[in-house]
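Read the structure below first, then the notes.
The values are calculated or read from the model by the stated rules, or taken from the named source; none is laboratory data. Values in this document were obtained by computation on a predicted structure and should not be read as measured data. With ideal geometry, Cβ positions are generated from the backbone for all residues, glycine too; neighbour counts draw on all protein chains shown.
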Amino acid sequence: MFTHLNLHSVYSAMRGLLSLQDIIELAKVHRMSHLAMTDVNGLWGFIRFVQHCKQANIEPIAGTHLITPKEELILLVENQIGYHNLCHIISSVHDDPGASIVSLVRGKISGLFMLAHQESVIDSLAKLVPNSHLFVELRPGLQEKQAQNLSKTFNVEMVVTGDIYFKHKIDHQAHVILRAIEKNTTLEKLDQSEYKTDQHWFRGEAEMISLFPNSLDAINNSHYLAERCKTDWSFVNTIFPDLSLKKTHRANKDLKERVIEGAKQRYGTITPAISDRIHYELDLITQKGFAPYFLIVQDIVQQTRSTIGRGSAAASIISYCLFITQVDPLKYMLQFERFIHPEREDMPDIDVDFPWDERDDILAYVFEKYGNKHTAMVSSQVFLKPRSAVREVGKVYGLSNEEIKSITKRIGWYASRRDLEKWVKTDPRFANVDLDETLMTVLRLSGKIIGTFRHPSVHPGGVIITPDSIRKYVPVLMAPKGVQIVEWEKDQVEDSGLLKIDLLGNRSLAVVRDTLKQVNLNGGHQKTDTDYADYHQIQPVGDPKTEALMQAGKTMGIFYIESPATRQLLAKAGVVDFEHVVIYSSIIRPAANRFTTVMLRRIHGEPWTLLHPDLEFLSESYGIMVYEEQVSTAARVLAGLGYAEADALRKTMSRDSMQHLIQAWKKKFTYGALERGYEPELIEQVWDMIKSFVGYSFCKPHSASYAMLSFTCAYLKSHYTSEFLASVVSNQGGFYSAYAYLSEAKRFGIRILLPDINKSGKTYKGYDGKICMGFMSIKHLQKQTIDSILDERKAGLFDSLDDFLLRVDLALADAMALTNAGCFNEIAYGLTHRDLAYRIAGFYLQKGVKEPLDTAPVSQEISSWERHQLEIDVFGFPITLHPLAPYRSLMSPRIQLAKNIPCHVGRVIYLTGVYITRKESVTRKHEPMEFLTLEDESDIYECVLFPDAFKEYGDLLHWESLFILRGRVEEAFGVYTVTIEKLASLQQWMRKSKKYVS
Amino acid sequence: MDPSVFHIRLRHFELQAERMMDPSLRTRPIAVLSSQNQNGTIVSLSSEAEEEGLYAGMKVSIARHMSHGVQMLPYNQSLYQRLNQYVYQTVSSFTPVVEPEGYGRYYLDMNGMKSVYQNFQNTGLTIVRHITEKTRLTGVVGISPNKLISQISTSVIPESIHEVNYGDEANFLSPLHAPVLPSVQEVSVKKMLHFLFIQQIGHIQDMIQFPDVFRNLFGLNAVRLSMEARGKDTSVVSPPLLRNHILEQTVVPNDTNDENTLQALVKNLAEQIAFKLRQRNEIAKKVKLEVHYADGLQSARAGALKAIDDISVIRQCQRLFEKANSRRNRIRSLLLDASSFSPYSEQACLFQTQESRNMALSRAIETVRKKYGVSSLQTANVFHAMAQV
């Protein structure tokens, strides 16, 4: 009998190659009833491991392979105390990786079995650990005789382990590559002690016996020891910050009081319907002991003004009354059961968004309030994906960055294929890449290391709070950015029962906040810097101007509905009430494209019926499955699953890490539905809809929450366009570039003003149909320069150039940047750009004298083309002229303007365009294609490059931004797109035609 | 004072060389690349390739994206080197004072030759014609009183010959773009001219009228810029100096970062340096090892030799290599440069030392190699590595 007690999965960073699926499959092949996962210095994938083992009826053992610079030790968990100690020990090794094994385990030996193979380690541990818990490890690469001697000397038993790192012997090269990546070296320079020999593959019992024929007892010992380890892992209990009965009782009471108070504020009068819902939810919440959780979240939310609760929590009237969420669940018929249902045992998630620039303060508040001992952030586990795998292996093989990029930039960020060699050989995107022998080796090896754990990073917002030391529950470590994180990522944290609160940064909340500030400021309402209107007071739903804007698809800058696909969907649908926008927010996902077209046809009047009368819950979304809760409802109604099971199915569909369970769920769903008498065809159709939720989907409360913020943004854009778009650009990020947003502003008739030394702030400011660019728009201008200008301006505006130069102490480079940006145009009125530049340069460079030069030897004004070039230098894009304007006079009149596209439906026309954005996609036959958004002086327009055109012109999009194209105008649901037949670089075309801008 | 400095420029030298070797390339769009790698650049290109939007200095990766019709040729160093040497010898027959300035560009000092050639314009045309007859390469000539003006005239004037007379230098330069002046390549000068929007040399000449301001604006570069803008250049045409160096270089045909191969190549180069030092009976106080990576970057380390037996030189060179090769990128070539020589004296020793034993071994190997060739006696790793080279 043999059980593997030293096994490394992909979670052993840059060492292990075995995925959890591989491990389980191999264990099943070798009929192992127990299995220990001992990843190096961590429990990185422990929760996942337990889940996989349970699925396969294997008893999971917790353990780790402790490695310090000179020593090694295998630790296996005997009981819960041992687990706590293990977490402490791992946390300690993260704190001090150079510590000795003995110092790490001293005082924490209880409940742990220890296996060591180094004499010095056994010697020192033998004095601390009873020989019932200490063993000599015999692993591949060691001599049986040597282990037997150690066993005799210290009077401890021997246990054989596999010390596994990879599946088969042939995977050894990939293991060596991982080590070379980790050590930042080449294969030849990698020290032999840094990697394992090719003996560390997954062996069965027979192979272990043939490896150690004289140690049969030690082989059997592995199984006996496995049986003594803890295997009954249960994570049903949620770990709250405080569990005492007294405090829970107080929390229940407190929650009730606050909810009633909040309900009065939210609704004014509390109707019986409201009261019933509140009591129903309160009963369930208090019964499950979730009250303290709500109070913690409310406390955090109260630290700032603009927040938005998202996720399923938006279905709760309690969250709404506590001002955690902003959507009335009664008004929009949001099911509370998606959030908490009677069978729910795990922790419900309350996710809250904060303005992106306030989030760090909120996190600091949480850490300060609960302390580092009880608080940590969730980690993000970074695994090697195709792009990073090729990049890292390429570096080991000495490829230059350019050679590596020639492959990686053609691999999408989210690509998950492992057969890179075949992919690159067959995909037209790689047609121009020279594939030599080295590159093929790089691709082959990259394929093998995809999916291995690289390093942890900090999750953007997940925070964990525990009642006592967090190190008892999960190993923690300090992230390079100085924040304490746990080893697990959000899904494992959630599944382990730890209390997780997601506090995420959201740019649009900052946009809304800043817009309101500007509106107040422009209207003269603002008393102090913090006294501005609360965005909750805005009632955007039903506002005609807001709906007209959305109906026209003019939603650039608007939260969540600004992508070209969503803009087109809004325009195509034409119906933009709140309920529909909630549907659109949910249906825009890659796997649901075909359902979108069906839904559009139905919105436009195509007759439809439900697939089955029992699917009545789909009638709100035109008979199409749109929300996550519809998946669980379908599972309950059709397959007869309970709340918990239906919820588990929903979770499986939405999580990448659980994709291996989909087939099992399909079987369960199908058998359940067949048993209940539904037709196989119907079951297949419903499952088809469920399948479209794989990887990326939302629940209705989440979409409703986001839709409310979308409406708020749309309201602000339609009523306070310049203030809103100025805030969008100032907060950066977003779907588009600053240039694209400023172009959008111009399409709304807004004038863009160059930065002005007396009027501009750090950020963009919108007022009265104008946007004044902020100093932040000037490239290479130092932050302290901006601060010193603004500080000095508090003492009074600058009345002349001389006044400015004398009052503000700047570096010449900054003064040059301000001059080129046109900041002095107002205060130095009448001077040409050259005059100004000459004066400023003279001021800074004259020896011993600090005064501007009076006369410039060359003073003629620069031409408009020169101004155009200067703006591109300073801001990265032109402001005064449209990028196409200098070329327009050289173009044939046959080239149409975008605003005239609707007049040419079905016809082939020529257009020019500036690059705005693009999105690569694949056809049903998995051929690559591209959606491209361009604009000219008159309008923005959407184009499609189908596979043939993409193959020919796709490369052009990597380097060009001004295009000339020939394409056919197509129309669908009143929205126009151009199917590109030919695409060329405008400047290249001009050169060929011998036309030059003078 | 007659203009007597000639500048001969064989435009697109590399391109012309390729077309000379393969006439079928004459009408095709072609570009010569500094390196086949993605981060290589275009060194020289045909007008057909220019029409496709390519330009000299463009990155290969972008050029490949932009134009699939242009034939990209690798940099044929040995061809250009030999051809350049041949042209250099050809022009040297007209005057003893010739200074090469990169491939396909030569300064000729014709001072005092007026009596021989009478008409310099005709002489210039004769030189170019002579080059064309011998190599089929075409060129242009600039004649002026100094190197600067001659060189600028061949870079901007489309005609095959242009002469600038003494006193006309400033007028000649006035309408030209400022970047043709060498000092404008200095970052601080370039930045200041860009800021002041000074694009023509004439504008710089205007600024020189205010010498104090000019000096303040351009600092240490003011004098040089002022002279250049007025067409003044006092440098003389100087033929290349023979340097006292021992240079050994290996170009790896397939870029590699294989440590064993590279160590073997370094060993081979070191043996050659050691052999040459023993021949001269000199020791190099400075030995520099250069590593040229495939992505164009290079790294170098220098040290001194303490002995000239093979083992000592190899050890020192391998130490330098380990220090110089700090990156994982593949290496394209290795260069060893020994200089600062002084006589080597072997001190007679009462007892045999390791150094004397090494020296004896080196001399013994040398004897065998002299008789049967260098490849007759090699260590296995060098033999293996050299087989690849």
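Below, the figures for the structure above:
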{"quantity": "Hits in the stretch A:971-998 (condition: away from chain B (no Cβ under 13 Å) and at pLDDT 85 or above)", "calculated": "A:Glu971, A:Ala972, A:Phe973, A:Gly974, A:Val975, A:Tyr976, A:Thr977, A:Val978, A:Thr979, A:Ile980, A:Glu981, A:Lys982"}
{"quantity": "Residues of the stretch B:361-371 satisfying the condition of being farther than 16 Å from B:Gln272 by Cβ and at pLDDT 90 or above", "calculated": "B:Leu361, B:Ala364, B:Thr367"}
{"quantity": "Positions within the stretch B:273-302 being without any contact (Cβ under 8 Å) to a residue 40 or more places away in the chain and surrounded by 20 or more Cβ atoms within 10 Å (Cβ to Cβ), in sequence order", "calculated": "B:Tyr293"}
{"quantity": "Failed item in (1) of a type in the set (Gly, Ala, Ser); (2) surrounded by fewer than 17 Cβ atoms within 10 Å (Cβ to Cβ); (3) at pLDDT 85 or above, with A:Ala431 passing the rest", "calculated": "(3)"}
{"quantity": "Tally of residues being β-branched (Val, Ile, Thr), in a helix (DSSP H, G or I) and more than 15 Å from A:Gly842 (Cα to Cα) across the stretch B:162-203", "calculated": "4"}
{"quantity": "Residue list for the stretch B:42-72, filter: surrounded by fewer than 20 Cβ atoms within 10 Å (Cβ to Cβ) and away from every other protein chain (no Cβ under 13 Å)", "calculated": "B:Ala56, B:Gly57, B:Gln71"}
{"quantity": "Number of the condition not met by A:Arg602 [criteria: (1) surrounded by 19 or more Cβ atoms within 10 Å (Cβ to Cβ); (2) charged (D, E, K, R); (3) touching a Phe, Trp or Tyr at 6+ places or on another chain (Cβ under 6 Å); (4) part of a helix (DSSP H, G or I)]", "calculated": "(1)"}
{"quantity": "Qualifying residue in the stretch A:6-14 (condition: within 19 Å of A:Asp495 (Cα to Cα) and buried (at least 21 other Cβ atoms within 10 Å of the Cβ))", "calculated": "yes"}
{"quantity": "Residue within the stretch A:682-698 that is under 14 Å from A:Thr515 (Cα atoms) and in contact (Cβ under 8 Å) with a residue 24 or more places away in the chain present", "calculated": "no"}
{"quantity": "Tally of residues being within 14 Å of another protein chain (Cβ to nearest Cβ) and either on the phi > 0 side of the Ramachandran plot or among the basic types (Lys, Arg) (or both) across the stretch B:329-361", "calculated": "2"}
{"quantity": "Conditions (1) surrounded by 23 or more Cβ atoms within 10 Å (Cβ to Cβ); (2) under 30 Å from A:Glu723 (Cβ atoms); number of the one not met by A:Ala565", "calculated": "(1)"}
{"quantity": "Residue that is more than 30 Å from A:Glu952 (Cα to Cα) and among the small types (Gly, Ala, Ser), where the choices are B:Ser93, B:Ser47", "calculated": "B:Ser93"}
{"quantity": "Residue pairs meeting the criteria (Cβ under 8 Å; at least 6 apart or on separate chains; first within 19 Å of A:Asp198 (Cβ to Cβ), in the stretch A:7-21; second part of a loop (DSSP other than H, G, I, E, B) and among the β-branched types (Val, Ile, Thr))", "calculated": "A:Val10/A:Thr452; A:Met14/A:Thr452; A:Gly16/A:Val10; A:Gly16/A:Thr452; A:Leu17/A:Val10; A:Leu17/A:Thr452; A:Leu18/A:Val10"}
{"quantity": "Close pairs from the stretch A:860-880: first over 17 Å from A:Asp814 (Cα atoms) and within 13 Å of another protein chain (Cβ to nearest Cβ), partner surrounded by 14 or more Cβ atoms within 10 Å (Cβ to Cβ) and charged (D, E, K, R), Cβ under 8 Å, at least 6 apart", "calculated": "A:Gln860/A:Arg834; A:Glu861/A:Arg834; A:Ile862/A:Arg834"}
{"quantity": "Which numbered condition A:Asp768 fails, given (1) among the acidic types (Asp, Glu); (2) away from every other protein chain (no Cβ under 14 Å); (3) over 30 Å from A:Ser718 (Cβ atoms)", "calculated": "(3)"}
{"quantity": "Neighbours by Cβ (under 7 Å, 6+ apart or cross-chain): first from the stretch B:206-225, within 7 Å of chain A (Cβ to nearest Cβ); second outside any helix (DSSP H, G or I) and surrounded by fewer than 20 Cβ atoms within 10 Å (Cβ to Cβ)", "calculated": "B:Asp206/A:Pro857; B:Asp206/A:Val858; B:Met207/A:Pro857; B:Gln209/A:Pro857; B:Phe210/A:Pro857; B:Asn216/A:Gln846; B:Asn216/A:Lys847"}
{"quantity": "Among the residues listed as B:Thr256, B:Thr234, the single one being out of contact with any His (no Cβ under 8 Å at 6 or more places or on another chain), outside the structural domain of B:Val97 (by TED's automatic domain parsing), hydroxyl-bearing (Ser, Thr, Tyr) and modelled with pLDDT under 90", "calculated": "B:Thr256"}
{"quantity": "Single condition A:Ser727 does not satisfy, out of (1) surrounded by 24 or more Cβ atoms within 10 Å (Cβ to Cβ); (2) closer than 19 Å to A:Ala548 by Cα", "calculated": "(2)"}
{"quantity": "Given (1) outside any strand (DSSP E or B); (2) at pLDDT 85 or above, number of the condition A:Asp353 does not satisfy", "calculated": "(1)"}
{"quantity": "Residue that is farthest from the other protein chains (Cβ to nearest Cβ) [pool: residues in the stretch A:189-229 that are of a type in the set (A, V, I, L, M, F, W, C), outside any helix (DSSP H, G or I) and out of contact with any Leu (no Cβ under 9 Å at 6 or more places or on another chain)]", "calculated": "A:Trp201"}
{"quantity": "Identity of the residue in the stretch B:226-258, over 27 Å from the mean Cα position of the chain (by Cα) and within 14 Å of chain A (Cβ to nearest Cβ), that ends up nearest to B:Pro3 (Cα to Cα)", "calculated": "B:Ser226"}
{"quantity": "All positions within the stretch A:363-409 that are within 14 Å of chain B (Cβ to nearest Cβ), part of a helix (DSSP H, G or I) and at pLDDT below 90", "calculated": "A:Asn401, A:Glu402, A:Glu403, A:Ile404, A:Lys405, A:Ser406, A:Ile407, A:Thr408"}
{"quantity": "Which listed residue, of B:Asn76, B:Asn39, is of a type outside the set (Val, Ile, Thr), facing chain A (nearest Cβ under 8 Å) and within 20 Å of the chain's Cα centre (by Cα)", "calculated": "B:Asn39"}
{"quantity": "Selected residue (criterion: surrounded by the fewest Cβ atoms within 10 Å (Cβ to Cβ)) from residues of the stretch A:646-703 that are of a type in the set (Lys, Arg) and farther than 24 Å from A:Asp353 by Cα", "calculated": "A:Lys667"}
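Residue-by-condition table, conditions (1) buried (at least 16 other Cβ atoms within 10 Å of the Cβ); (2) out of contact with any Lys or Arg (no Cβ under 6 Å at 6 or more places or on another chain); (3) closer than 18 Å to A:Val978 by Cβ:
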{"site": "A:Val858", "(1), (2), (3)": "yes, no, no"}
{"site": "A:Ser863", "(1), (2), (3)": "no, yes, no"}
{"site": "A:Glu866", "(1), (2), (3)": "no, yes, no"}
{"site": "A:Gln869", "(1), (2), (3)": "no, yes, no"}
{"site": "A:His882", "(1), (2), (3)": "yes, yes, no"}
{"site": "A:Ile895", "(1), (2), (3)": "yes, yes, yes"}
{"site": "A:Asn900", "(1), (2), (3)": "no, yes, yes"}
{"site": "A:Val905", "(1), (2), (3)": "no, yes, yes"}
{"site": "A:Lys919", "(1), (2), (3)": "no, yes, yes"}
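This table checks each residue for (1) away from every other protein chain (no Cβ under 14 Å); (2) closer than 27 Å to A:Ala726 by Cβ; (3) without any contact (Cβ under 8 Å) to a residue 12 or more places away in the chain; (4) more than 36 Å from the chain's Cα centre (by Cα).
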position	(1), (2), (3), (4)
A:Tyr741	yes, yes, no, no
A:Ile750	yes, yes, no, no
A:Gly774	yes, yes, no, no
A:Gly830	yes, no, yes, yes
A:His833	no, yes, no, yes
A:Leu836	no, yes, no, yes
A:Leu845	no, no, no, yes
